[in-house]
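The values are calculated or read from the model by the stated rules, or taken from the named source; none is laboratory data. Quick caveat, the model's predicted, so the values are computed rather than measured. Backbone-built Cβ (ideal geometry, glycine too); neighbour counts: all protein chains shown.
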Amino acid sequence: MAADTDTSGPAGDSLAHIEAGLDALETSAEPESSRLKHVAASVLPPIAALVLILAVWQILYAAKIWPDWKLPGPSQVFGSLKDTFSEGDAWGAVGHSIGHGAVGFGASVAIGTPLGILVGRFKPVRAGLGPILSGLQSLPSVAWVPPALMFFGPTPAMLYTVVLLGAVPSIAVGVMSGLDQVPPLYLRVGRNIGARGLASVRHVLLPAALPGYLAGLRQGWAFAWRSLLASEIIVQSANLGHSLGFLLKNAQDANDMSGAFAAIVLILAVGVAVNQLLFVPLERRVLKARGLA
Amino acid sequence: MTAAIAAVESAQPTTTAAVDAAFAPAVRLTKVGKTFRGGAPVLDGIDLTVAPGEFVCLLGASGCGKSTLLNLVADLDAPSSGTVEVPSGRAALMFQESALFPWLTAGENIDLALRLRGLSGRRDRRAETERLLDLVRLRGAYDKRPHQLSGGMRQRVALARALAQDSPVLLMDEPFAALDAITRDVLHEELVRLWEATGLAVLFVTHNVREAVRLGQRVVLLSSRPGRVAREWRVDIPQPRRIEDKAVADLSVEITDHLRKEISRHGR
C-alpha cells in the first residue's frame, strides 16, 4: 500500500498513507511478558536467598559453637512462632502494632505532605526549615522516646509523637525532592495551556512530583515502623496493650531467645509485607504508566 | 483550499508590513529588547509584525534569542523594553520536545488543554479531542501513553494540544529539530496542510534555512548577540513546496550566505 503511494508526491491522501506507514514502522508493539514469568522472576530469588540463610543458620546451630539458649536453631524458632500463634498472642500483637503504625503513618502523611510543599515551594521557608528537616531525618527517632514518655506518660499519644517525629521529616523531604525534580518545561507548558496558580499545582506540579512523593512515602513508612517498634520495646504498659514490641521485650524478660527471634521474624514480616503489597505495586504502576519502569 | 483560505493566500502578496500594521496584526513587537539580569542584551530593538493567517519563519544562529523571543510572545517572560502585542490574548506554544505530560494519555493531554480553556462538558471535550486527533491523523491514539508513541507522533499530539487552545497564533520553537529527516519532511507537509485548513498565524523558529524556506511565507533572519532583525525575505514559491525544490534550494543558498556573514562577524 505504502509503496505505490510513495511516488505520488505531496497530495493530501498519500500523505495520510505515508504517515500511517511511518507510525506503524516507528511504534513496535510492547512485548507482553507473561504474568507468571514476572511473578516467578520476582519471587524465586528471595526464596532462594531465604533458604540459603536458613541453611547457614542451621549449620552454625548444628556446629554447637554457642549453647542453645544463645543461638537456637531454625526449628526451635519456628516452634516458638507456632506457639505464639496457637496461644493467640501473635495476631493480636501484629494487629495492635499495625493499627498504631497505620494511624501514626496516616497522621505523618497528613502533616508531612503540606509541610513538604510549603518548604519545597517557598524559598524563605526552605532556607529556614530545610536544614532542620534534614537534621531531624538523621536523628535516631528512638532518642524521642524518653522525652515523649516524660511528657505523655505510657500512652498511645507518646507512641504517635515518636512516630510523627520519625516519619514527618522523611515524608516532607520526599515531597521536597519530588517537587525539585519536576522539569521546568512542564511548568512552562502548563502555563501556556492556561494552568496558573492553583490549577498549575493541581494539574502539573503534583502529578509531575508523584514518583518522588511515593518514594518519600515508602521511606516515611520505614521510619514510622522503626520508631513505633523502638517505643513499643522500651515502654511497656497496660495502656499500650500487647504489641510486637511487647512480645519481644517479654521474650527477653523470660530469657527466651527463640521467642525473641520469633518476634523479630514477625516484625520483619510486617515490614516486608507492607512494602511489597502496598508501596512496591503502587510505585511500579505509576512508573510503568509513564514509561519509566 | 477552501474559499476562505484562498482569499487569505491571494491577499498575502499585496500586504506589506505597513499595511499589516494598519489592521489588527496577530502579533506585533515594537522595539523589543530583553536583557537578563547582569547579562548582555539578548534581544535589541526587534520590530516584527505577523499578520493574521501569516506563516513567518524566524531564522538565526545560536545566541540570537529566538527562543527568548517566543517566550515573550507566549507571555512566559516580559520584555525589558518595547512592547509585545498579541491582540487575541494568548498564543499557543510548541517546543522541540513534545513536552506531553507523561502521566496522561495522548487524549487526556489534549483534554487538559480544552478543560483549561474553559470547555466544561466532558462529552463535548471528548468529541473535540477526537476531532483534533483525527485532524493530526492519530485517530485511535486517545489511550496511548506518550512513551508508546514515536517522536513524530508525539509532536502531532503536541500540535493537536496546541490547536486545542483555540488561539489564532501558533508559536513553534524548533518543533521538528529532534526528528529524523523522513519524519520531518512528512510533518512539514502536515503542518502546511493544517495551517491552510485552520488559517492560523504561525511564528516558526528554526536554525534550519531549508526548513524556513520550505515552510514560510516570510523568512526573518536574526543577528546574534544581541538578536536584531538583520534581513527578511518574502518567499513567493507557491505551496505545496518540497524541500528538494530548486526554487527552495536557490533561496536557501542566498539566505545561508547572509547567515554565514552574520555568524562570521562574531569570529573577528
Going residue by residue through the stretch B:42-49, is there one that turns out to be closer than 30 Å to B:T256 by Cβ, under 21 Å from the mean Cα position of the chain (by Cα) and either without any contact (Cβ under 8 Å) to a residue 60 or more places away in the chain or within 10 Å of chain A (Cβ to nearest Cβ) (or both)? yes
Given the condition within 12 Å of chain A (Cβ to nearest Cβ), surrounded by fewer than 22 Cβ atoms within 10 Å (Cβ to Cβ) and at pLDDT below 90, answer yes or no: does some residue in the stretch B:107-114 qualify? no
Within the stretch B:166-183, residues within 12 Å of chain A (Cβ to nearest Cβ), crowded, with 20+ Cβ neighbours inside 10 Å and in a loop (DSSP other than H, G, I, E, B) come out as B:S167
Residue satisfying condition, being within 20 Å of the chain's Cα centre (by Cα), farther than 21 Å from B:A178 by Cβ and among the polar types (S, T, N, Q), within set B:S88, B:S80: B:S88
Scanning the stretch B:139-164 for residues that are facing chain A (nearest Cβ under 8 Å), within 22 Å of B:H188 (Cβ to Cβ) and in a loop (DSSP other than H, G, I, E, B) gives B:L149, B:S150
Within the stretch B:78-94, how many residues turn out to be of a type outside the set (G, A, S), under 14 Å from B:Q165 (Cβ atoms) and in a loop (DSSP other than H, G, I, E, B)? 2
Residue among B:V186, B:V213 that alone is in a helix (DSSP H, G or I) and either free of Cβ contacts under 8 Å to residues at least 40 places away in the same chain or at the interface with another protein chain (Cβ under 9 Å from one of its Cβ atoms) (or both): B:V186
Tell me the residue from A:L159, A:L118, A:L133 that is under 18 Å from A:N239 (Cβ atoms), surrounded by 14 or more Cβ atoms within 10 Å (Cβ to Cβ) and either at pLDDT 90 or above or under 23 Å from the mean Cα position of the chain (by Cα) (or both), please. A:L159
Pairs returned, first residue in the stretch B:103-125 that is under 28 Å from A:E283 (Cα atoms), second residue that is hydroxyl-bearing (S, T, Y) and surrounded by fewer than 22 Cβ atoms within 10 Å (Cβ to Cβ), beta-carbon separation under 6 angstrom, 6 or more apart or interchain, are B:G107/B:Y142
Can you confirm whether A:A55 is farther than 22 Å from A:R226 by Cα, without any contact (Cβ under 8 Å) to a residue 60 or more places away in the chain, exposed (fewer than 14 other Cβ atoms within 10 Å of the Cβ) and not hydroxyl-bearing (S, T, Y)? yes
Having 1 or more residues that are at negative phi, surrounded by 18 or more Cβ atoms within 10 Å (Cβ to Cβ) and touching a His at 6+ places or on another chain (Cβ under 7 Å) is the bar; report the helices (runs of 4 or more DSSP H) wholly within the stretch A:187-293 that clear it. A:206-234
